[in-house]
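What follows is a single structure, written as structure tokens, with notes after it.
The values are calculated or read from the model by the stated rules, or taken from the named source; none is laboratory data. Keep in mind that what you see is a predicted model, and the values were worked out from it rather than measured. In this analysis, Cβ positions are derived from the backbone assuming ideal geometry, glycine residues included, and neighbour counts consider all displayed protein chains. Just the protein is used for accessible areas: all its heavy atoms, side chains included, with ligands, DNA and RNA removed. Shrake-Rupley method; radii C 1.70, N 1.55, O 1.52, S 1.80 Å.
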Amino acid sequence: MSLRHLLTVTALAAVTLGTASAQAQTAAQNGGRLRALIAQRQAAAAEAALPVGVQRIADVPYGADPAQRMDVYVPTSPTGPGTGASSLVASAVRAPVIFMVHGGGWRYGDKAMGRVVQEKVSRWVPKGFLLVSINYRMLPDTPVAVQERDVQAALMAAQQRAGTWGGDPNRFILMGHSAGAHLVALLNARAPQVLREGAWPWLGTVSLDSAVMNVPAYMRAPHLPLYDDAFGSDPAYWVALSPIHQWTVGAPPVQMVCSTERADQPCTQADALARHVRNQGGRAEVLPQDLGHGEINAQLGLESGYTRAVEAFMGSLDPEVARRLQ
């Protein structure tokens, strides 16, 4: 090959690499703009869908990263069951708080998605609850163990600020769907440690259709690749992220809603965790539902036996919660 030919090939390669790099940078920028646009549209849709008497306080920070944000849905006037003297008492009592963590395979999802908040806000905020819906950092940049720390940080920040929104820091109920269900179940299992680190005690947790209550058992069986992205190949890491292995005596009650339609049978793992908790003197309930994975999230809050069963669990945790759910 002549020197001139070699220089020509090298120049072409440099141009090609430069073009590819520019294209990649442009794609990344476009992807960032697209994600921002989607987030803006979701926020606008969430705002438009708010029922009368509900206000949304958007993007409250709990950390420095742009993903560490939460939306707070509050009633715009004193609410709750009863009239006359009972309603005056209700307005004087700070509101219970539902603390919601979205799913999405530990990689996707957003706090403002309709199936995450719409029906829940419409049902519970007019009854005198606050609903806090959080974002958190996700894969591939943030491992699941750190995601759980984000959820803990968001919980502690929400508890610290609850009074400014009219909420009661001592009446939080944790709730999450899918990956979020795993994260709140894991946090609930480690509750005594979380309290030592500064959180207020919470009333209990509702886990909406997680299949990984026992991470090692799940990872040793055939599974989707998304779980490899989340949990890797280290059995010690599996144990550290496994609610059944991390469950500690003194953890709050947990209700596990599980789909009977999923091929990976999340109810089997929920039943095993419930037995483990009960054997240790704790409280755990399993609520099987003939609904798909997404339906379990989207339909909670609609008038149904399913919603009423979740509310029965919530009401059993605290008399004021029960009174507002009447």
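For this structure, a couple of remarks:
- Remark: spin-label model distance Gln326-Asp234 equals 5.3 nm, labels positioned 7 Å along the Cα→Cβ axis.
- Relative compactness, segment 201-325, computed as alpha-carbon Rg over 2.2 N^0.38 Å: 1.11
- Counting only protein heavy atoms and a 1.4 Å probe, segment 237-323 has 43 square angstrom of accessible area per residue.
- Karplus 3J(HN,Hα) series, Hz, for segment 255-271 with 6.51 cos²θ - 1.76 cosθ + 1.60 (x for Gly, Pro): 10, 10, 7, 9, 7, 7, 9, 7, 5, 8, 6, x, 5, 5, 5, 5, 4
- Separation of the Asn170 and Asp264 label points, Cα + 7 Å toward Cβ, nm: 4.0
- Long-range amide H partners of Arg283 with built H, under 5 Å: Val254
- For peptides 147-159, 166-178, sequence by mean Cβ density within 10 Å, most packed first: 166-178, 147-159
- Percent RCO, i.e. relative contact order, over segment 231-315, from Cα pairs under 8 Å lying at least 6 residues apart: 27
- Protection proxy ranking for 219-226, 295-302, using the average of other Cβ atoms within 10 Å per residue and placing the highest first: 295-302, 219-226.
- Built amide H within the under 5 Å cut-off of Gly204, gap 5+: Leu174
- Portion, in percent, of the accessible area of segment 152-240 that falls on carbon or sulfur, probe 1.4 Å: 57
- Annotation: amide H of Asp168 within the under-5 Å range of Ala95, Val97, sequence separation 5 or more or interchain, hydrogens built in the peptide plane.
- A simple rule links phi to the HN-Hα coupling: the Karplus curve 6.51 cos²θ - 1.76 cosθ + 1.60 with θ = phi - 60°, which for segment 298-310 gives 5, 8, 6, x, 5, 5, 6, x, 4, 4, 5, 5, 5 Hz, with x for Gly and Pro.
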